[in-house]
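What follows is a set of notes on a single structure, which appears directly below.
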């Protein structure tokens, strides 16, 4: 009997929090609507809808920013089964860090992922690295000495 009462109180607390949050959201949208009505002379209903849309968009942006800050990587998994793959990946990263740059004049982020032969590339051909750009605008850029 005591556990049922605790569960019901917990559910009642969640519902109360949702109702209070919804009421605050509605008051905020109404206040923004009143401000829009005062500044831009919209109808009250239209201004309130615009205010509500603005509050929702702001909430979505805050949620996405919070997710980007708190999560280290969107590709990391928290499953225990993937630990063996993560260990292999970490070993590969360590090997890549010791490896010198393939093409020293090209920034590290533009280095090709595999060894590519640029000897037969003409300036107006697509770059062999796979970027889709012309060779003269990608890896064939003339650099001053």
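The values are calculated or read from the model by the stated rules, or taken from the named source; none is laboratory data. Here the structure is a predicted model, which is why all the values come from computation and not from measurement. Here the Cβ positions follow ideal geometry from the backbone for every residue, glycine too, while neighbour counts run over all protein chains shown.
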Only one of 101, 25 that is at pLDDT below 80 and closer than 30 Å to residue 140 by Cα: 101
Residues that are surrounded by fewer than 17 Cβ atoms within 10 Å (Cβ to Cβ), in a helix (DSSP H, G or I) and in contact with a helix residue (DSSP H, G or I) (Cβ under 6 Å, 6 or more places away or on another chain), drawn from the range 31-49: 44
Any pair with Cβ under 6 angstrom, 6 or more apart, that starts in the range 51-66 at a residue that is within 20 Å of residue 41 (Cα to Cα) and ends at one that is in a helix (DSSP H, G or I): 51/29; 51/32; 51/33; 52/29; 55/28; 55/29
Residue list for the range 119-128, filter: surrounded by 15 or more Cβ atoms within 10 Å (Cβ to Cβ) and out of contact with any strand residue (DSSP E or B) (no Cβ under 9 Å at 6 or more places or on another chain): 121, 128
Hey, residue 87 part of a helix (DSSP H, G or I), surrounded by 12 or more Cβ atoms within 10 Å (Cβ to Cβ) and modelled with pLDDT under 75 or not: no
